[in-house]
Amino acid sequence: MSKRRRGSRTAPRRPHAVHHQRFEHLVDRAVAGIPAPFRAALDEVALVIADEPTPDQLRENGLRPDETLYGLYEGVPRSEYGADWSPFPNRILIFRLPLEEDFPDPDDIADEVRITILHELAHHLGIEDEDRLEELGID
């Protein structure tokens with residue numbers, strides 16, 4: 001049986017698809033700007049763009065339903081013994097809608113995406129101390 005392409009070949013691209021591509025580009029630029037030794041640690045982590053955190057993710061992180069997250073690290077930090085034996089892959093989630101809503105200026109959102117990715121990568125590297133994160137300029 002031959003495979004058919006779904007949808008019209010002549011239909012214009014959906015506007016939200018272009019919007020998603022812009023955000024993906026911001027994430028790509030942020031990752032490219034991370035210094036090499038730290039960027040290499042991203043090979044151990046899935047970087048996922050999600051629209052927004054789930055109610056469970058908010059609750060598990062002590063947030064009310066009217067609060068939100070820009071990013072979230074889920075996994076076993078590299079600094080913990082046996083981190084490479086984790087039954088689930090480590091991942092960094094970047095939440096597009098809260099970032100776009102809170103940072104409408106293109107320069108501001110680009111900075112915040114970079115800060116969010118660095119913050120979550122720091123958690124993967126075992127840096128949990130908020131003072132240390134602030135000292136590194138990623139909180």
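Before moving on, here are some points about what is shown:
- Within the stretch 93-114, residues that are without any contact (Cβ under 8 Å) to a residue 60 or more places away in the chain and within 21 Å of Asp66 (Cβ to Cβ) have Cβ atoms under 9 Å from residues that are part of a loop (DSSP other than H, G, I, E, B) and among the polar types (S, T, N, Q) in these pairs: Phe95/Thr68; Leu97/Thr68; Pro98/Thr68; Glu101/Thr68; Asp102/Thr68, counting only partners at least 6 apart in sequence or on another chain.
- Exactly one residue out of Ile92, Ile117, Ile49 is open to solvent by less than 60 Å² (accessible area, probe 1.4 Å), part of a strand (DSSP E or B) and modelled with pLDDT of 90 or more: that is Ile92.
- Only one entry in Asp107, Asp111, Asp84 is in a helix (DSSP H, G or I), more than 20 Å from Asp51 (Cβ to Cβ) and modelled with pLDDT under 90, namely Asp84.
- Meets criteria (in a loop (DSSP other than H, G, I, E, B), of a type outside the set (Gly, Ala, Ser), modelled with pLDDT under 95 and open to solvent by less than 70 Å² (accessible area, probe 1.4 Å)) for Pro77: yes
- Number of the exception - Glu67 against (1) outside any loop (DSSP other than H, G, I, E, B); (2) at pLDDT below 95; (3) open to solvent by 50 Å² or more (accessible area, probe 1.4 Å); (4) within 28 Å of Arg22 (Cβ to Cβ): (1)
The values are calculated or read from the model by the stated rules, or taken from the named source; none is laboratory data. On a predicted model such as this, the values are computed, not experimentally measured, just so you know. Cβ atoms come from the backbone with ideal geometry, glycine included; neighbour counts cover every protein chain shown. To get the accessible areas, we keep the full protein, side chains included, count just its heavy atoms, and leave off ligands, DNA and RNA. Shrake-Rupley method; radii C 1.70, N 1.55, O 1.52, S 1.80 Å.
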